[in-house]
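To start, the structure under review is shown below, and the notes come after it.
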Amino acid sequence: MSAHAHSSPNHAATPKAPAHVAPKALPVTSAVVTPPAAPVGEVVASTAVPETPRRASLLFGIALAVAATLPIGLGIGVARQAANTAALAAKTTSKHTVIPVRDDAAAVEQTRRNRHQADEYFRAREFRLALQLYQSNETVESLRHSEEIAFKIALCREALGQRDEALTEFRELSGRDHSPFQPAALLAQSRIWLAKQGPQHARAVLRQLLESALEKRPVPAEVGQDARFYFAMTWLLDNATDHTALETPTPIFPLSEIAWKGISSFDPNDVGVQITTTSDSASDPGPEASESKSGSDRQQDFTSVTNAAEAEQFLEQQIAASPQHRLIGHAKLAWGHFAHQRGDFETAAMRYEMAMSKSSDTVSLIAAYNSGVVHFQRDDLFATVKSLGQVVDGAPGHDLVVAALILRGRAAIALGNVEQAAFDLKRAADVSKTEDERSWATAFMGMAFLQARQQDVAAKLMFQRRDRITTEGARTLGGLVVALARLETMDSAEARDRETLFLLRALANLNPDSPWLGDCGRTLIGRAYREVDLGEQMAEVYSRALTNSVREPFASEMKLSLGEYLLSVGEEQPGLALLTDVREAKHSIWPDKAALCVAQWELSQHREQDCISICHELLRREVNRASVLRLMGTAYERSGNLAKAAECYAGVVQ
């Protein structure tokens, strides 16, 4: 058979006929017409003809097969869709609860591990990591929408400062009437409103907490006691000033620490049990005593308070009733704030000291700082230094250390201990983290060195740190310190003229009555006016300052300069009175200088013997002998005793 012969599965093979025999005619039927077999010659000749007709026949067969199977596939798809629709309809119309698909055991176990790890992060204050793991529980069907997880997530958001998000979630929980987390969620809302400086909203939520308890269920003892403390604190005035605004330091009230105390009260491993307890028993005897009241009494506690004075008394009752409560330290801080905001600084200091302890916990450090601030405002500088020492020495890395160092340095300056002040202020300037603290620490440091008569050190340090002084008031003070320090050490007239311009510019921008200047700052301003021969302005600054209480050694320095000026303008009686006060002052470095001024004035009045008498008195002390001998020699010379004058000039007088 030829390699090109075509065989079909639908037809039988056709036998070959001899070449000389004519093909026999086949009968024609109406059903199928079978074509005759081709002769051998025609078969051979067909090898030169293209195979297009046969390929078309193959494609036709394939298309026929596809057309035959397509309806079958479409039918299966339609049937499957119909089955799914029917199943969904049956599920929807069923009267029975559909049991959710069982969680994968491995996923559940992993979620439990995540929850345990999240609780560990929570206790370690790693709230961001805890939040991520708590939220991962929602991927497991059996743990999704858990109130416990929702409560923990809200606590983490509160601790992370996401107050609005936390407030929304706490509101959702408190809106569930039968939720065991409702009381704690209401308490958390009041905490957030305190931190957001919304005391009215906090009070409203706390009243809602009490009303909910009276109507539906008792409030857990711990939650109820917290609510009392928070409610009293809502009556404090909003004096949320930044304690690093160091011109006028004020006590601070740590709402963030109160918030943390509220968060840390809930053990993540036992949060549900603690919240749902309704018994009056508690491990702390303080809350037990307070919780022994009836519901109506507890409501009266809240409703009877309508102003800050009543809230202060109410807080005092809570402190007495629960002396061991974990919020007692913050309650005492708030109690001190009540006294401070009504101007009773002595009582405020006493209450702050009640919150202090030997430990270096945050509440104790804040209480020590507040005590130092109040003592500083009372002008009890020794007590200021003592209280602030607990902050500086008790926790060197605490955020309050820089502010405490600056305030202690200012107190040391006011006490005249400028060397210790310069040390504290330089330390504060080196470790400060904010522009305000860095600016004021640097400016006050320069002022301390200048007052200590270390002009070169003051000018050098201020010039090296000039870029650190950015606060407006501190920058003006720094300009005064630099210009005055340079002016007092220069001999060149040209250089003095240049520095005089800078000094006058600084003086024009300074208000001598600014409270943050203190006695030292006003003393430096007077010195600056005297250096540029503006005695009248110096006298005005010192006269106004001396009408108030000025401490030594600044009082003597002011009186000395003012007395000299008054004598120079002919006001002898007030001038001599001031100089006499300086000569009699104790613990001052200026009596000898005042005596020398009086001796010079006596000589100017032609009372040589009085001048010589004062000079002999000065020579018995450790004074600048050269100045005294020169003055005494002039007095002897004018009185005609040239021999004694020569001895004085030669420095051999006895």
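All of the numbers you see were taken from the coordinates with simple rules; none came from a lab. All values derive from a computational prediction rather than experimental measurement. Cβ coordinates were reconstructed from backbone atoms using ideal geometry, including for glycine residues, and neighbour counts include every protein chain displayed.
Values computed for the structure shown
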| item | result |
| --- | --- |
| Within segment 595-654: Cβ-based charge dipole about Cα centre, in debye rounded to nearest 20 (Lys, Arg +1; Asp, Glu -1) | 100 |
| Highest to lowest packing among 551-563, 503-515, scored as the average C-beta count within 10 Å | 551-563, 503-515 |
| Fewest-first sequence of Met462, Met350 by Cβ atoms within 10 Å of each Cβ | Met350, Met462 |
| Burial ordering of Phe338, Phe127, Phe382, fewest other beta-carbon atoms within 10 Å first | Phe382, Phe127, Phe338 |
| When each of Lys358/Lys586; Lys386/Lys586; Lys586/Lys644; Lys433/Lys559; Lys196/Lys358; Lys196/Lys386 is checked by Cα-Cα distance, pairs over 29 Å | Lys358/Lys586; Lys586/Lys644; Lys433/Lys559; Lys196/Lys358; Lys196/Lys386 |
| In order through segment 389-405: 3J(HN,Hα) via Karplus (6.51 cos²θ - 1.76 cosθ + 1.60), integer Hz, x for Gly, Pro | x, 5, 6, 5, 8, x, 8, x, x, 6, 4, 7, 5, 4, 4, 5, 5 |
| Ranked by how many other beta carbons lie within 10 Å on average, peptides 186-193, 431-438 from highest | 186-193, 431-438 |
| Exposure proxy order (Cβ contacts within 10 Å, fewest to most) of Trp516, Trp235 | Trp516, Trp235 |
| Length released on extending from Gln573 to Ala493, taking residue separation times 0.36 nm less the Cα-Cα span | 25.3 nm |
